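Data first, discussion second: the structure below is written as structure tokens.
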Amino acid sequence: MSGGDMAKPLLGHWSMEGDPSITPAAGRTIGVLGSGDFARSLAIRLVCSGFKVVVGSRNPKRKAGLFPSAAEVTFQAEAVKKTDVIFVAVFREHYSTLCDLADVLAGKILVDVSNNTEINHHKESNAEYLASLFPACTVVKGFNVVSAWTLQSGARDGNKQVLICSNNQEAKRTVAEIAQVMGFTPVDMGCMSSACEIENIPLRLLPAWKIPIFLALGLFLCFFTYNLVRQVIHPYIREQKNKFYKIPVEVVNTTLPCVAYVMLSLVYLPGVLAACSQLYYGTKYRRFPDWLDQWLQHRKQIGLLSFFCAALHAVYSLCLPMRRSHRYQLIETAVKQAVEKKMNIWVEEEVWRMEIYISVGIIALGLLSLLAITSLPSIANSLNWREFSFIQSTLGFIALVISTLHTLTYGWSRAFDENQYKFYLPPTYTLTLLVPCTVILAKVVFNLPCIQQRLLRIRRGWEKGRYVKFVLPSATGEYSSGETSSNV
């Protein structure tokens with residue numbers, strides 16, 4: 001399979017893909033011990049990949065109908081005798097049932113595919129425990145991060161990486177051959193001590209999303225409380241008007257664009273801070289603080305959450321006219337106009353404002369959709385670096401600018417209307433402009449030729465204060481050495 005079709009590694013370890021020393025392994029006989037869902041899916045995928053499969057079961061007659069006809073289903077002892085590579089697809093608590101096969105398993109390669117129900121549930125990993133039960137065997141940890149659905153549907157519908165670890169390099173290479181023929185990308189995770197970490201990976205719930213999700217929830221609660229005070233609490237206290245009906249839809253709809261807008265600006269703010277750091281220290285080799293490094297690594301998740309909030313805002317906005325309260329307000333406004341005999345209520349400025357506001361908002365949502373789509377691995381892998389950088393960086397910044405225009409046309413001149421300051425609190429949109437406008441202003445400054453060229457030199461390896469040795473002839477004709485600063 002081509003390298004461009006492969007997903008980028010989840011972990012920074014050496015990938016075995018493309019290794020010329022790995023030869024195709026199709027046609028060899030592979031054993032599978034177990035008859036559960038994963039064992040059946042594994043047998044199906046192995047058969048489809050051209051392997052001969054022998055399944056070992058305690059009840060072969062009853063289980064034979066669950067496996068493909070090309071797979072041989074027999075007793076465990078018979079299956080073990082027919083192959084040198086055996087997938088152990090049974091739970092940890094059932095490993096002891098295989099002890100009767102210890103003599104037959106001697107010298108075989110056992111591939112442990114099991115997982116635990118909790119992170120670090122046992123002191124030792126399942127693979128290490130299996131190796132302790134069968135010291136005469138070579139145990140390889142692998143295929144536990146691949147789901148049964150992915151095995152049946154093929155690598156194209158799931159994560160293509162298979163994390164492998166073992167103390168035996170040849171055994172790892174053999175399992176890597178099998179993984180490649182099955183259409184997966186083997187990733188060498190080192191020795192058996194890595195098995196515990198590999199077994200914990202499927203148990204983690206969105207590990208890269210925790211910080212962005214908490215950030216989004218924190219922003220939502222802050223803006224929701226702020227809008228609640230302005231739109232509901234203020235009229236209830238000052239005017240004795242009950243507007244609590246606004247909480248489920250209107251207050252939420254006012255909060256969502258604030259979160260989406262600020263989150264989008266937070267995608268590009270760490271890049272600004274990183275550039276400031278490089279300009280200040282005059283080098284790209286100084287490590288960023290841990291908090292900035294983590295921030296840079298979570299930009300993708302922050303951007304996708306921004307798109308999610310923006311999409312919800314669009315749906316909520318479309319639903320606003322459907323509310324019963326909105327219909328009552330329209331009728332009440334029409335009655336008041338009839339009583340006051342107002343025949344023409346057309347306000348040209350408001351019409352243009354709303355037309356521009358909606359149009360710019362649609363464009364911003366379209367650009368956010370493009371950013372979200374191109375962040376998917378299947379789409380990103382089809383783009384070269386310049387294309388990906390143009391979409392995520394250039395078009396992303398344009399999306400931030402257009403979102404700013406969307407916010408400004410929404411606010412219009414409200415920031416100068418004293419009636420908009422409820423409890424002396426400024427309109428919400430004015431608060432959301434602080435971070436995005438800072439990012440936009442910084443981007444404009446960085447694009448000035450004098451600063452842009454200096455930043456480009458730094459990112460190409462130039463360092464402030466670095467000394468360069470040179471040699472000059474002396475008055476006697478001999479050569480003497482000296483040094484000068486590279487930024488002189």
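Here is a check on your reading of the model: is Lys82 in the same structural domain as Ile164 (by the TED database), under 13 Å from Leu33 (Cβ atoms) and not β-branched (Val, Ile, Thr)?
Details: in the same structural domain as Ile164 (by the TED database): yes; under 13 Å from Leu33 (Cβ atoms): yes; not β-branched (Val, Ile, Thr): yes.
Criteria met by Lys82.
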Legend entry - Residues that are among the hydroxyl-bearing types (Ser, Thr, Tyr) and either open to solvent by 80 Å² or more (accessible area, probe 1.4 Å) or outside any helix (DSSP H, G or I) (or both), drawn from segment 296-338: Tyr328
Inset, instruction - Among the candidates Glu239, Glu170, single out the residue that is open to solvent by 80 Å² or more (accessible area, probe 1.4 Å) and in the same structural domain as Leu151 (by the TED database). - result: Glu170
Inset, instruction - Please list, ordered by first then second residue, the pairs with beta carbon atoms under 8 Å, 6 or more apart or interchain, first in segment 48-76 and among the small types (Gly, Ala, Ser), second part of a loop (DSSP other than H, G, I, E, B). - result: Ser49/Ala26; Ser49/Met182; Ser49/Gly183; Gly50/Ala26; Gly50/Gly27; Gly56/Gly34; Ser57/Gly34; Ser57/Ser35
Legend entry - Residue within segment 292-308 that is farther than 29 Å from Leu456 by Cβ and among the charged types (D, E, K, R) present: no
Legend entry - Cross-chain or 6+ apart pairs with Cβ under 6 Å, segment 104-121 first and closer than 16 Å to Arg173 by Cα and modelled with pLDDT of 95 or more, then part of a loop (DSSP other than H, G, I, E, B) and open to solvent by less than 30 Å² (accessible area, probe 1.4 Å): Lys108/Cys137; Leu110/Cys137; Val111/Gly142
Inset, instruction - Starting from residues that are aliphatic (A, V, I, L, M) and within 20 Å of Leu264 (Cβ to Cβ), keep the ones in segment 435-458 and report whichever is most open to solvent (accessible area, probe 1.4 Å). - result: Leu441
Legend entry - Near pairs, Cβ below 6 angstrom, 6+ apart or cross-chain, from segment 136-152 (charged (D, E, K, R)) to any residue that is crowded, with 20+ Cβ neighbours inside 10 Å: Lys141/Asp112; Lys141/Ala127; Lys141/Cys165; Lys141/Ala195; Lys141/Ile198
Inset, instruction - Would you confirm whether any residue within segment 212-222 is small (Gly, Ala, Ser) and within 21 Å of Leu368 (Cα to Cα)? - result: yes
Inset, instruction - Taking Tyr357 as the residue in question, decide whether it is assigned by the TED database to the domain that holds Thr394 and open to solvent by less than 40 Å² (accessible area, probe 1.4 Å). - result: yes
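Specify which of the listed residues (Ala364, Ala372, Ala380) is at pLDDT below 90, open to solvent by less than 40 Å² (accessible area, probe 1.4 Å) and in contact with a helix residue (DSSP H, G or I) (Cβ under 9 Å, 6 or more places away or on another chain).
Exactly one of Ala364, Ala372, Ala380 is at pLDDT below 90, open to solvent by less than 40 Å² (accessible area, probe 1.4 Å) and in contact with a helix residue (DSSP H, G or I) (Cβ under 9 Å, 6 or more places away or on another chain), namely Ala380.
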Inset, instruction - Check segment 196-211 and report whether any residue there is over 22 Å from the mean Cα position of the chain (by Cα) and open to solvent by 20 Å² or more (accessible area, probe 1.4 Å). - result: yes
Inset, instruction - Say whether the condition of being open to solvent by less than 30 Å² (accessible area, probe 1.4 Å), within 29 Å of Leu367 (Cα to Cα) and in the same structural domain as Ile440 (by the TED database) is met by at least one residue in segment 281-295. - result: yes
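The values are calculated or read from the model by the stated rules, or taken from the named source; none is laboratory data. Remember, it's a predicted structure, so these values are computed and weren't measured experimentally. Cβ sites come from the backbone with ideal geometry, for glycine too, and all protein chains shown count toward neighbours. With ligands, DNA and RNA removed, areas are computed over all heavy atoms of the protein, side chains included. Shrake-Rupley method; radii C 1.70, N 1.55, O 1.52, S 1.80 Å.
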